2 protein chains.
Amino acid sequence: MSEPATTNRTIVVASRPTGKPGPENFASRTVPVRAPVDGEVLLESLYLSIDPAMRVWLEEDPGYVPPLAIGDVMRAFGVGRVLAGRYDGLSAGDYVTGRLGWQSQPTLQGADLNKIDLELGTPIDWLGPLGTTALTAYFGILRIGQLAAGETVLVSAAAGAVGQMAGQIARVHGARTVGIAGGADKCALVTDEFGFDQAIDYKAEDNMAAAIAAACPDGVDIYFDNVGGEILDAALTHIRQKGRVVVCGRISQTAGHRQGLYNTGQLIGRRARMEGFIVSDFADEFDAAQRWLAARIKAGEIHQKIHVLDGLAQAPEGLRMLFTGENFGKLVVKVAD
Amino acid sequence: MSEPATTNRTIVVASRPTGKPGPENFASRTVPVRAPVDGEVLLESLYLSIDPAMRVWLEEDPGYVPPLAIGDVMRAFGVGRVLAGRYDGLSAGDYVTGRLGWQSQPTLQGADLNKIDLELGTPIDWLGPLGTTALTAYFGILRIGQLAAGETVLVSAAAGAVGQMAGQIARVHGARTVGIAGGADKCALVTDEFGFDQAIDYKAEDNMAAAIAAACPDGVDIYFDNVGGEILDAALTHIRQKGRVVVCGRISQTAGHRQGLYNTGQLIGRRARMEGFIVSDFADEFDAAQRWLAARIKAGEIHQKIHVLDGLAQAPEGLRMLFTGENFGKLVVKVAD
């Protein structure tokens, strides 16, 4: 274990993004480490997660979480090691996950952190295939989507952190899976590495509705939507009777780039449902889900591709990459080993 | 009972509407009455229903029902009296509902008809407050919307056949109800005759989202959508946590007039659901629903305003009125007494 540094390197919000977020919205600031008071622990951040939800967190009114003020340390999930503690449930050397933020040596409430079990997975696994994005895929497919074996599941951003897990979880439950991704390289990942039955390269298709119809000739039972916009609208044209649209994300839609949906009328004749959710709604079931995921990972049935950026300073650049689709797999910033 | 005529007056499909349907899409044709064969009955049509779903039925591929061909008698629900029968379950003088079509003396399969109980309501009641539009409101509010007492229910086309029933059924179940309608006269109907707590005149509002926010300061638990388009998009901005959008109709949207939805991203942060349905999905529960409705009508808690047009020849004009919003209440064509 490294010695605690005396300074905490942080990345704070400098402005709210109007379009795609990136380095211009953040500033670095180094502050003294704050000694924990009762109930708190001092952590060393190891890995921090870069997530699409961050753009929502940067809005003036995110709706489901408190807003960030300009000057606040950027909110981020992460995994870290306890350096010193004044909280009964945690000791120096314990590994935890939680909202560490973009900072190297956070001092946080112990009650807000979750001690992780390194028997189930490595620290980076706890941000990856056992982490929030994996849980989002799990509850999206099983609880919101209510997948039944033999159904056809269409996943957008299928090479992305949530999409790759959604497809694999659906496959393990007996679904036929079709993934949508941008470019031949990502489509190869989708079929060869994540085991989707088929991939659709949206960048190579003029007519996504026709491409979805060709890949899903009997229609789509579950469309797991990570992108919104035109691809969602195309998927609605091929939703099956009693189909479900799991509304998970809308990474294609920004304040400056908004596309209307024209096909929600299909929900009537198809008796179909679109439903949104937040993964924390299922917090009571996280343990069971993580044990299931760990067993599938150990059995070689599921894995997650992680795209690691080296150094806390890369976090804003990582957020930019996520929204331009330059990442290959789940984006994580390595802060320390 | 009148003597059976020897001719059957019919109105057939002449062309598929591209925008709002109306008389130009239909033609009259008089044909000989066809004597029933085994399993069939000859009816005298009394009242025929004019419904928004008719525009969908006129499409080349309605999706959930077989398409109508050019030259086919227009499909329509109706109530009639049996004149002669070769079907065990029905005798001359019985009253029935079913898909009579726009014709005065249809010969139909007895198995496709439902004998009605005149103790529960008059023949016209069986097209009105006990009919398909009332059942649509009932199952939309209770099964799709899963209303709980104390919730706020927003209904569009609230003076229309389904909307007025949706609001009253919600009120009886303990909801606060807000209705959207076009014009001061319809808004007066909504509050004074149907007992909604408040009405919004969409024709008088520049900003529907603001009007909905003002009328529903705590947000909307159930939005019962009969119109689609801009009003749906505005309602999505004020949907509450765990809110439900009951996708029942989209009368504002035609092939020539389509508005995009921009606010479905709200479904994520609000954990909300949009769900479509077809009333026939609940056919097993029709009896129970009709008994409940009949009891509420008898108690004076619910009633339906019926707009009667006189004569089969008025049916195409009735369909035009429905799509221009000129009707006051549930539209019915009276064919015979």
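Miscellaneous remarks
- Distance cut-off 18 Å, percentage of C-alpha pairs in segment A:88-134 lying past it: 30 percent
- Inter-chain neighbour count for B:238-247: the average number of beta-carbon atoms from partner chains within 10 Å of each residue's beta-carbon is 2.
- For the protein assembly as shown, the dipole from Cβ point charges (+1 on Lys and Arg, -1 on Asp and Glu) about the Cα centre works out to 280 debye, to the nearest 20.
- Take every DSSP beta bridge whose two residues both sit in segment A:132-280; close to 5 percent of them are antiparallel.
- Helix B:315-324 and the longest principal axis of the C-alpha atoms of chain B enclose an angle of approximately 10°.
- Across A:F77, A:F196, A:F277, mean-square fluctuation computed from a Gaussian network of chain A (C-alpha pairs under 10 Å connected) peaks at A:F277.
- Counting from the shortest, the label point at A:R29, 7 Å from Cα toward Cβ, is 7.8 nm from the same position in each remaining copy.
- Stretchable slack from B:N207 to B:Q109, in nm (0.36 nm times residue separation minus alpha-carbon distance): 30.2 nm
- For B:G300, the point set 7 Å out from Cα toward Cβ sits 7.7 nm from its twins in the other copies, listed from shortest up.
- The alpha-carbon atoms of the protein assembly as shown define a convex hull whose volume equals 167 cubic angstrom per residue.
- For the protein assembly as shown, share of DSSP beta bridges that run antiparallel, in % to the nearest 5: 55 percent
- Chain B, helix-only ellipticity at 222 nm - DSSP H runs n ≥ 4, -39,500 (n - 2.57), divided by all residues, nearest 500: -6000 deg cm²/dmol
- Low-density loop positions, GluC sites (Glu not before Pro), segment A:238-337 - DSSP coil, at most 14 other Cβ in 10 Å: A:E301, A:E326
- Relative to the longest principal axis of the Cα atoms of chain B, helix B:161-172 runs at roughly 60 degrees.
- In this rough spin-label picture, where each label sits 7 Å from Cα along the Cβ direction, the B:D117-A:R16 distance is 5.8 nm.
- In order along segment A:126-143, the phi-based Karplus estimate (6.51 cos²θ - 1.76 cosθ + 1.60, θ = phi - 60°) of 3J(HN,Hα) comes to 6, 9, x, x, 10, x, 4, 5, 5, 5, 4, 5, 4, 6, x, 6, 8, 8 Hz; Gly and Pro are listed as x.
- Three-way shape label, segment A:132-280, alpha-carbon gyration tensor, a/c 1.5: rounded
- Three-way shape call for chain A based on the alpha-carbon gyration tensor, with the a/c threshold at 1.5: prolate
- Nearest 10 degrees, 0 to 90: helix A:286-298 Cα axis against chain A principal axis: 80 degrees
- Calculated SAXS-style log₁₀ I(q)/I(0) at q = 0.10, 0.11 Å⁻¹ - segment A:242-337, Debye, Cα scatterers: -0.49, -0.59
- Neighbour-count order for A:S156, B:S91, fewest beta carbons within 10 angstrom listed first: B:S91, A:S156
- Chain B's nearest residue to the axis relating it to A, judged by Cβ and reported with the distance in whole Å, is B:G260, 1.
- Top of B:A134, B:A84, B:A235 by mean-square fluctuation, Gaussian network on chain B, Cα under 10 Å: B:A84
- Inter-part distance, segment B:146-207 to segment A:235-280, computed on C-alpha centroids, equals 27 Å.
- Once the Cα-Cα distance is subtracted from the 0.36 nm per residue extended length, the A:T7 to A:A336 segment shows a gain of 117.0 nm.
- GNM flexibility winner over chain B from B:G71, B:G128, B:G140 (Cα, springs under 10 Å): B:G71
- Across the identical copies, the label point of A:D112 (7 Å from Cα in the Cβ direction) is separated from its matches by 6.5 nm, in order from shortest.
- Straight-distance crosslink candidates among lysines, where the alpha carbon sits under 19 Å from B:K186 and sequence neighbours closer than 8 are dropped: B:K203, B:K305, B:K330
- Over chain A, Cα pairs under 8 Å with separation of 6+ residues give a relative contact order of 18 percent.
Coordinate-derived values only; no laboratory data. In this text the structure is predicted, and so the values were computed from the model without any measurement. For neighbour counting, all protein chains shown are included, and Cβ atoms are generated from backbone atoms with ideal geometry for every residue, glycine included.
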